[in-house]
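Okay, structure first, notes after.
Each value in this text was obtained by applying a stated rule to the coordinates, not by laboratory testing. No experiment lies behind these values; they were computed from the predicted model shown. Reconstructed Cβ throughout: ideal geometry from the backbone, glycine too, with neighbour counts over all protein chains shown.
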Amino acid sequence: MRLPYICTTLMAALSLASCSSASAFPSPGNIPTTLPHTTLADDKIGIAVETAYQAASLAERTAVKAGFVSPAQARTLINLDNQAYEAVCLTRTAYDVANGQDPSARQDGCSAASKANRYVGYVEAARMAVEMLKSLVSTTKGLQQDYLSR
Amino acid sequence: MTKINTTGIVNSVNTVLDIITKLEPAVAALPQVMDLIAVAISTFSSEDKAQVEKAYEDKMAGTDAAHEETQGVLEAQAEAEPEASEDKG
């Protein structure tokens with residue numbers, strides 16, 4: 001009895017794999033299939049993405065409080081921080097879609113646009129979030145290094 | 001003049017960057033990990049799933065709070081006089 005279930009799971013995994021190499025906004029035909037309800041990998045990756053954002057966010061606040069960030073640089077960081085947060089939100093939306101839930105029902109700070117974008121696969125969304133967070137942390141780190149080299 | 005322990009701050013930011021860099025291959029490997037999980041999936045109880053989902057929801061709330069706080073700090077800094085930030089250090 002377990003074999004059909006495993007096959008379904010593998011098909012879902014293969015579907016995710018195909019989405020991972022697709023463009024940032026795949027066509028509706030590439031929407032990932034619903035994940036097996038008992039799978040924990042998607043939740044754990046989601047938690048890791050959220051934790052990474054929180055860590056990057058803390059680094060930004062610390063940099064400001066330490067005096068590494070000028071007002072002009074703060075404006076740049078505002079945009080980068082918002083982009084990273086939206087990418088995290090996109091991961092939430094993809095998670096909801098993959099788990100058969102309605103993203104718009106979620107009560108959080110994410111924009112309506114990020115909740116409406118249901119065409120990005122879960123893996124692609126998580127990868128986008130990681131890229132945005134890397135850019136954000138690299139920028140923050142660069143500001144600190146510039147400050148220390150003065 | 002304010003003295004700042006810059007080494008600790010730089011080290012903490014380096015640690016954050018390391019974590020994010022290490023997360024990237026984990027995300028890329030997710031489809032392959034799913035294959036392995038499919039084999040072990042019967043060992044997961046619905047209670048475990050509920051606990052992890054709750055942890056994810058709690059993380060989301062923490063992220064929203066962090067984002068709001070960070071935006072507040074950055075906006076205050078963006079509106080600050082340029083000379084004020086140059087005086088530090």
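So here's what we get for this one:
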read-out: Gained length - A:K65 relative to A:S149, 0.36 nm times residue gap less alpha-carbon distance; value: 28.4 nm
read-out: Pair B:A61, B:N11: separation of 7 Å Cα→Cβ label points (nm); value: 3.3
read-out: Net charge over other residues, Cβ less than 12 angstrom from the Cβ of B:I9 (K, R count +1; D, E count -1); value: +2
read-out: Linear extension gain, A:T51 paired with A:A72, 0.36 nm per residue minus alpha-carbon span; value: 4.8 nm
read-out: A:Q83/B:A50 FRET efficiency (R0 22 Å; Cβ-Cβ; nearest 0.05); value: 0.10
read-out: Cβ-based net charge around A:K115, under 10 Å, with every Lys or Arg adding one and every Asp or Glu removing one; value: 0
